[in-house]
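**Student:** Right, I'll just put the structure down here and ask away after.
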Amino acid sequence: NRKFLLAFCALLLAALFINFGKVELEAEEPRRAIVALEMILQNNWVVPTLHGETYYNKPPLFNWVLIGSFSLFGTANEWAVRLPALLSYLLIAAFTFGLARPWIGKTAAALSALAWLTFFELLYQATNVSGEIDLFFSLLVCLQVGSIFVFSQQKKWLWLFVTAYS
């Protein structure tokens, strides 16, 4: 069991990082990066713009995450654009395991997390076009649904509403 898990993690990390940052930004990734860069250049952290025009299609939270990644790397390269979504992808797996473990056991929870990690479309999304908002938004929804489930089971209604609406 432990050897399988270690081998799986090693292969997953290799799959995630072997070409990470080598492929140029594509699809919606450049737009996400430009919006975040314009927020930095204009020193406007509230109203996103795209080519100087207000951009209301997405709330600024993901742009702030990208700005944090740019600051961490000191640049706005492919790594900095894609890392937040890749981390979101991995955090969803960890959250799935942690949330499911008390209810369905360690083995089934691990299999649930592994199923998430090996779903081809998600693996492709996490490695090739992860500079988009989808995986980050999915993490937020998972956290919201998980908090609703946990706090409803514990009958902590105030915490349920505070965390779900946050």
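The values are calculated or read from the model by the stated rules, or taken from the named source; none is laboratory data. Note that the structure is a prediction, hence the values are computed from the model and not measured. With ideal geometry, Cβ positions are generated from the backbone for all residues, glycine too; neighbour counts draw on all protein chains shown. All accessible areas refer to the heavy atoms of the entire protein, side chains included, with ligands and DNA or RNA removed. Shrake-Rupley method; radii C 1.70, N 1.55, O 1.52, S 1.80 Å.
**Student:** Out of all the residues in region 75-87, is one or more surrounded by 13 or more Cβ atoms within 10 Å (Cβ to Cβ), of a type in the set (S, T, N, Q) and modelled with pLDDT of 90 or more?
**Tutor:** The answer is no; no qualifying residue exists.
**Student:** Here is a further query. Mind checking which pairs have a first residue in region 140-156 that is over 16 Å from PRO102 (Cα atoms) and a second that is of a type in the set (Val, Ile, Thr), Cβ under 7 Å, 6 or more apart or different chains?
**Tutor:** Correct list of pairs: CYS142/ILE92.
**Student:** Checking LEU160 against (1) part of a loop (DSSP other than H, G, I, E, B); (2) out of contact with any Leu (no Cβ under 8 Å at 6 or more places or on another chain); (3) open to solvent by less than 70 Å² (accessible area, probe 1.4 Å), which single condition isn't satisfied?
**Tutor:** (1)
**Student:** For region 2-29, how many residues are open to solvent by 90 Å² or more (accessible area, probe 1.4 Å), without any contact (Cβ under 8 Å) to a residue 40 or more places away in the chain and either on the phi > 0 side of the Ramachandran plot or not aliphatic (A, V, I, L, M) (or both)?
**Tutor:** Total meeting the criteria: 3.
**Student:** Among the residues of region 91-108, what is the count of those that are under 24 Å from ALA14 (Cβ atoms) and either surrounded by 19 or more Cβ atoms within 10 Å (Cβ to Cβ) or without any contact (Cβ under 8 Å) to a residue 40 or more places away in the chain (or both)?
**Tutor:** Total meeting the criteria: 5.
**Student:** Shifting gears a bit: Restricting attention to region 42-92, and to residues there that are of a type in the set (Val, Ile, Thr) and in a helix (DSSP H, G or I), which single residue is farthest from LEU122 (Cα to Cα)?
**Tutor:** By that ranking, first place goes to ILE67.
**Student:** Same structure, new question: Checking the structure you have, find out if any residue of region 119-132 is among the hydrophobic types (A, V, I, L, M, F, W, C), within 26 Å of ALA15 (Cβ to Cβ), out of contact with any strand residue (DSSP E or B) (no Cβ under 9 Å at 6 or more places or on another chain) and at pLDDT 90 or above.
**Tutor:** Checking region 119-132: not a single residue is among the hydrophobic types (A, V, I, L, M, F, W, C), within 26 Å of ALA15 (Cβ to Cβ), out of contact with any strand residue (DSSP E or B) (no Cβ under 9 Å at 6 or more places or on another chain) and at pLDDT 90 or above.
**Student:** Any residue that is farther than 26 Å from GLU29 by Cα and of a type in the set (A, V, I, L, M) - is there at least one of those in region 136-145?
**Tutor:** yes
**Student:** Can we say ILE133 is touching a residue at least 40 places away in the same chain (Cβ under 8 Å), open to solvent by less than 40 Å² (accessible area, probe 1.4 Å) and among the aliphatic types (A, V, I, L, M)?
**Tutor:** Answer is yes for this residue.
**Student:** To continue, here is another question. I'd like the full set of residues that are in a helix (DSSP H, G or I), among the hydrophobic types (A, V, I, L, M, F, W, C) and under 18 Å from the mean Cα position of the chain (by Cα), limited to region 11-34.
**Tutor:** LEU12, LEU13, ALA15, LEU16, PHE17, ALA33
**Student:** Further question: Return yes or no: is THR118 polar (S, T, N, Q), open to solvent by 30 Å² or more (accessible area, probe 1.4 Å) and more than 15 Å from the chain's Cα centre (by Cα)?
**Tutor:** yes
**Student:** For VAL65, work out the one condition from (1) free of Cβ contacts under 8 Å to residues at least 24 places away in the same chain; (2) open to solvent by 10 Å² or more (accessible area, probe 1.4 Å) it doesn't fulfil.
**Tutor:** Failing condition for VAL65: (1).
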